[in-house]
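Peer 1: Below is a structure I'd like to ask you about.
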Amino acid sequence: MNAPVDVTDIRIETERLILRAWRETDLADFYEYARVEGVGEMAGWNHHQSMEESRRILDSFISGKKTFALEWKENGKVIGSLGLEPRDAGLPEELQGREIGYVLSRDYWGRGLMPEAVKAVIDYCFQELSFDYLTCGHFDCNDRSRRVVEKGQPALAALAARFGSGILDGE
């Protein structure tokens, strides 16, 4: 079962990032990275063709209340997103959780930022929201996301022992 989620008033800080709810003022930053060919495609969506397309999706992030903006502390710029998406199949009904989905601006790839963000959200979901599980997948061709999943596994090792297999799924 999908656990209830509302990130509206949540702020999670890591060493280099602030994870927070999206704001209308984030539109230019969002469009800047979402329009780059190859960024969205690695996450399963087409790069944005217009600011208006980004506005519609930003509005859905704000109203959906399940997607964090990733703000780079150094300059206050939004450089990516991390969503707690519904997962409807394959897990026992009594378990509460979600699936992690994420994307990062190409300008910030290779710095270890997404594993940092994912670990913070994993900790938040299990410690503060009492989730039973989180899943995270990636496309076979997306080696960067595969590495994020692999780096996230140590944070889940004890939880996997507690709840059994399927806590983090790399497929």
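Peer 1: In whole Hz, with x marking every Gly and Pro, tabulate ³J(HN,Hα) for region 107-119 from phi via Karplus 6.51 cos²θ - 1.76 cosθ + 1.60, θ = phi - 60°.
Peer 2: 4, 10, 5, x, 10, x, 6, 5, x, 4, 5, 4, 4
Peer 1: Could you let me know the centre-to-centre spacing of region 1-39 and region 54-106, using Cα atoms, in angstrom?
Peer 2: 7 Å
Peer 1: Here's a follow-up. Sorted by accessible area with a 1.4 angstrom probe, largest first, how do 52, 116, 15, 37 fall?
Peer 2: Greatest to least solvent exposure: 15, 37, 52, 116.
Peer 1: Another question, then. For region 1-101, give the magnitude of the charge dipole about the Cα centre (Cβ charges: +1 Lys/Arg, -1 Asp/Glu; no others), in debye to the nearest 20.
Peer 2: My answer is approximately 180 debye.
Peer 1: Same structure again: Give a residue-ordered list of calculated ³J(HN,Hα) values for region 61-70 (Karplus: 6.51 cos²θ - 1.76 cosθ + 1.60, θ = phi - 60°; whole Hz; x for Gly, Pro).
Peer 2: Each residue's phi maps through the Karplus curve to give 4, 5, 6, x, 6, 10, 10, 7, 7, 9 Hz.
Peer 1: Additional query: For residue 21, which sequence-distant residues (separation of 5 or more, or a different chain) have an amide H within less than 5 Å of its own amide H, given hydrogens modelled in the peptide plane?
Peer 2: Close amide H contacts, sequence-distant or interchain: 10, 69.
Peer 1: Putting +1 on Lys and Arg Cβ atoms and -1 on Asp and Glu Cβ atoms, find which of 113, 83, 96 reaches farthest to the positive end of the dipole of region 73-115.
Peer 2: Highest projection toward the positive end goes to 113.
Peer 1: Name the long-range amide H neighbours of residue 99: under 5 Å, sequence gap of 5 or more, or other chain; modelled H, no Pro or chain starts.
Peer 2: Amide H to amide H, under 5 Å and 5 or more residues apart or across chains, residue 99 pairs with 85, 87, 135.
The values are calculated or read from the model by the stated rules, or taken from the named source; none is laboratory data. These figures come from a predicted structure and were not determined experimentally. Cβ sites come from the backbone with ideal geometry, for glycine too, and all protein chains shown count toward neighbours. To get the accessible areas, we keep the full protein, side chains included, count just its heavy atoms, and leave off ligands, DNA and RNA. Shrake-Rupley method; radii C 1.70, N 1.55, O 1.52, S 1.80 Å.
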